[in-house]
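Just so you know, all these numbers are worked out from the coordinates, no wet-lab data involved. Model, not experiment: these values are computed from the prediction. Cβ atoms come from the backbone with ideal geometry, glycine included; neighbour counts cover every protein chain shown.
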Amino acid sequence: MDVTNSQSWSPAILNYVKEFAADFSQVDNIEGKSIESDDQASRRLLQYLGSDEADAMAPVALDASHPISDYFISSSHNTYLWGNQLYGKASTKAYQKVLERGCRCVEIDVWDGDDSDSDTSDSSADSDSDAENEGEIKKLSRRFKKKMGLSRSKPETKPTDKPASASSPSEHEGVGSADLRRTVSKTEPRVLHGYTATKEISFRAVCATIRDYAFATSLEVHTCPAQQQIMVDIIRDLWAPYLVDLNAVTGHEISLPTLESLRKKILIKVKYTAPEVAAQNPGPAVVSSNADPESGSEGEGESREVQEAPVKKSHIITALASMGVYTRGCHFKDFDQPEAKLPNHIFSLSESKIIEVHKLVALNWQYINAATMLNQAMFHATGGWVLKPEGYRSFHRAQSQISALDRGKLDLTIELLAGQDIGPADKKLRLYVRSELHIEDMEELNGGSLPEGGSTKEGQIKAVTELGTAGRSPDFRRQLLQFRVDGVAEELTFVRFKVMDDDTFSRDNLVAWACFKLSRLQTGIRKIRLYDCEGQQTNGMLLVRISKRLEIE
């Protein structure tokens, strides 16, 4: 595309370029600079608009020198599913797609590799959070399968389209020969959404795909001890060069490793199993403090004591549990439980549980909705790792969420100028733009309850334009989207744009979208690159002029 060629741009955008070029010439004249002709100024402005420099999304550099707990990590739930959560297909391609989009923590839901529904299999307590629903889900699944006439398909046994990935080091050559090796006398574990009619894939095929694309993986283990040992063998077979030192020890006084030190490593999150000696000894096991049960804080000089508690036998074998070195799965009770003070703990929460304590963001990547748009904005072009604000990092002494970040009064104006190449070419479109500002809920930060019992809303502050001119490249005639609000933390606030097609007789359709973290939204004359309803970036864009001012309180 020749960006200086007027035929590359819509008439509406060219008109604004001419106006801005004339304005620039006047400014140069006032300041005594050399004056360009309007044509020269227009070409220079078109060249700017055609470059990455004009993007509304600011670039970001990753500082990898902090412990891994100091980062937000782009994560996926039920990664293996391709489509519907109840009867869709499981595929290694689903892992490849989310990892290529920057996801760095994926879930593997592992079950015994036999012809049953694994009803008698021991399951890990990573699924403890869903245990209360599992019986009913199992019954529903059986009725659903019977009604639909669905039979179990043969598991996928090899990864699809194994790439020559640039991120795959040369060591893959020595491991690759084992990709599809199967032990004839052993049935290998499979990956599927338990108690549903979803199709399955082999655990080995998933591991081979993750090896080529991923960094961290979460194991939800529903397999018996014998199958768990096969899982361990497969993991060692395929991931040997990328596993961390399994003898590393983490505790209260030991920090987690830096992100930089873990490059080209695969971390495994699996439920922690206490040493076998402890399991045989019914003595004291849980360490707690004399903390105020209301505040959850521990006063200076307060003693710590060991309380008598029986050791709960884990269903995870030691060989598998030991692989969770820096990412040790723990069942969640509350944020004041002893495990919360261990650097390497990871809590597993059900959806119903998490919305009791915080607003839910993105779980599944299969569909584009508000949550996945916000998730994309948080991690865009970051490699899946975002350094947390200083007040949220490991060694910061902030006493609460409200004091961990600077907050201020936001005055944000987006002047909507024109659009170009938006939506499918074969449709007659009448486009307008909805914009939403997503901010932290102040009632939640101050210790109050979440709105509507914890459920999320599309956006807290909204603005909408009138219709632009008809077609894929509309003129929006300098309409303004304005937001003025107090208590805004720039690093955890998001601006979302939805380009809608007006439909007189039915619900308006989403045609394209974009979403930005406020701290990365750049001011001035900018282009907003648009995504389609499948989450893929398009050639479509919005031309805008952005003004942003945040006065810290």
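Of the peptides 408-416, 192-200, how do they stack up when ordered by the mean number of other Cβ atoms within 10 Å, highest first?
Ranked by mean Cβ neighbours within 10 Å, highest first: 192-200, 408-416.
Among 272, 48, the order by Cβ neighbours within 10 angstrom, fewest to most, reads 48, 272. Taking other C-beta atoms within 10 Å as the exposure proxy, 354, 68 rank 354, 68 from fewest upward. Were the residues from residue 248 through residue 485 laid out at 0.36 nm apart, the gain over their Cα-Cα distance would be 80.6 nm. Sorting 473-480, 321-328 by their mean Cβ neighbour count within 10 Å, with the most densely packed peptide first, gives 321-328, 473-480. Here each label is just a point 7 Å from Cα along the line to Cβ, and for residue 505 and residue 65 those points are 6.4 nm apart. Sorted largest first, the principal axis extents computed over the alpha-carbon atoms of the range 405-552 equal 51, 36, 26 Å.
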